Amino acid sequence: NDNYFCWRQTVKDPGMRWSSAGPISGMRCTQIHESADPHTWMDNYLCEPYNSPYKFSWSSAGAIPGKSCIQWLETADPHTWADNFLCADSQISQSEARFPEDFWFNSARVPNGYNCIQIHESADPHT
């Protein structure tokens, strides 16, 4: 219950939502999946509004060449989370959060100066 995907408080809320029960209707969703983790991560999605400037991609095998990426490292999970990255292509206006500079994945707490969504899989004891 201590994993968070965050953006700076000084930028516009990007409208992202997390689901551990499949894609959210009416949103563009990216599956967040670690095949080496046995704790039902196949139905987890990071979702954003369709008009979002972020075009997210997920990799559980390192950063995606040619894209901007943020490592999602859950230090308490032994199931190879060290090589997981959320990546994006984005076309942004100045009022929107820049990816990856204005974003942060934190596996311990909500960092000061950031707004966050909780990243949680109830079947996984390490999240």
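What follows is calculated from the coordinates using simple rules that are stated; it is not laboratory data. These figures come from a predicted structure and were not determined experimentally. Cβ coordinates were reconstructed from backbone atoms using ideal geometry, including for glycine residues, and neighbour counts include every protein chain displayed.
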Contour minus end-to-end for Ser57 and Ser19, with contour as 0.36 nm per residue of separation and end-to-end as the Cα-Cα distance? 12.1 nm
Where labels lie 7 Å past Cα in the beta-carbon direction, separation of Val110 and Met42 in nm: 3.4
Using a Debye calculation, one point per C-alpha and no hydration shell, please list log10 I(q)/I(0) for segment 8-52 at q = 0.17, 0.19, 0.31, 0.32 Å⁻¹ in order. -0.52, -0.61, -1.03, -1.07
Extension length gain for Thr75 and Thr10 (0.36 nm per residue less Cα distance), in nm, is 20.6 nm
Using only the alpha-carbon atoms, what does segment 1-83 span along each of its principal axes? Please give whole angstrom values in decreasing order. 34, 27, 26
